[in-house]
Structure formats: structure tokens, C-alpha cells
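Written below as C-alpha cells is the structure these notes are about.
Computed from the coordinates by the stated procedures, all read-outs in this text should not be read as laboratory data. Quick caveat, the model's predicted, so the values are computed rather than measured. When we count neighbours, we look across all protein chains shown, and the Cβ atoms used for this are built from the backbone with ideal geometry, even at glycine.
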Amino acid sequence: MAAPVLDFPRPIDVRVVADRRPPAVAWLPAPAPVPQPNQPMLIFDPSLLPLVAEGSATRSPDEETAARLPDARGWAAPLARAMFEALHGRRPIGQLTRWVDEAVLAAIGFHQRSQARARGLEPARPAPAARLHSLRIQRPNPLAAEVCAHLSLGPRSAALAFRLEGRNGRWLCVALEFA
């Protein structure tokens, strides 16, 4: 019996993408302070420290909430794809209500309606699922993540930038910009 022949519509094209991140900066450790001969030594008084029980660490509410949050990268990648597909009318915006703030949801709905008017209210043509090319995440504080993503949908390519904030043990998108 002959092995089945797989017929692909076109050959797979592999391209090397140049890394466009800025060069890394190597921070040198600060030089050790040199005591001045005329400067007296500071006196350490342990009685001035706040009392903390031995072996127990106090954590702020923000640190406790940040410890319960899931990984930002694992959360941001599917959310970026879903928002991008909703912006282009390939996904209903009702699927985003749990993960997106009301103001962002309204902006996505407005953009979706304007895209439908531009197409003449005809249904969107079938297209492959959105493809995530790159994702960058910055954490300005433990309860926030700023994400930029490069995605494509068929021949269209676009960038999304959004801010996630930790609320109730999960991430919520509170701001969105797209081009």
C-alpha cells in the first residue's frame, strides 16, 4: 500500500526576521562608598526599627494581589488575537466582555461598526485566523502590564498596544491603541 501524498497549497516559506530590539545596556555596580575622614559613622539603633515577628513577612495588598495573578504573557497573547479579530469583524465583541474594560469594549464596537459601513454591510469574507508575529510586555508595577503586539489577518498587518491591570486575581484590559 502506497503512503498517502500530502498536497499543500503552497510550499512553506521560512524567513529570518532581524531582531529590532534596542541594544542591551550593561549597568555597572555602583562603586563602594569611601568614608571621609571628617564624617562620623552613623549609629545603628535597632530599637528604631518597626516590630516584625521573627520569620513572618508582611506583604502589602498589592503584592498579595500580584502573587495571585497569572502569567502576563500567557494572558496577553490570546487576548491580543481576540481583540484584533474583533476589530476586523471576525469575532463578536461579546466574547471580550470578561477581559476588556467597558470603555475599550465601546471603542472596539465603534471600530467594528465603522468597518462594516466601509464594507457596505456585506458579511466579512472568510479569512485565516489572526496570526501573532511578536509580543512585548513591560511591567511598570506589579499590578500592571503594558503589551505591544504585531499581528496579521490575511494580507493586513497591524500593531496593538494595550494595558492590562490586575483585578480580582485576573488581568483586565483597560486601554487599547491600534494602527
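Got a sec? Which of E165, E146 is closer than 27 Å to R113 by Cβ and either in a loop (DSSP other than H, G, I, E, B) or free of Cβ contacts under 8 Å to residues at least 60 places away in the same chain (or both)?
Selected residue: E165, the only one of E165, E146 that is closer than 27 Å to R113 by Cβ and either in a loop (DSSP other than H, G, I, E, B) or free of Cβ contacts under 8 Å to residues at least 60 places away in the same chain (or both).
What number of residues in the range 77-92 are touching a residue at least 40 places away in the same chain (Cβ under 8 Å) and part of a helix (DSSP H, G or I)?
Number satisfying all stated conditions: 8.
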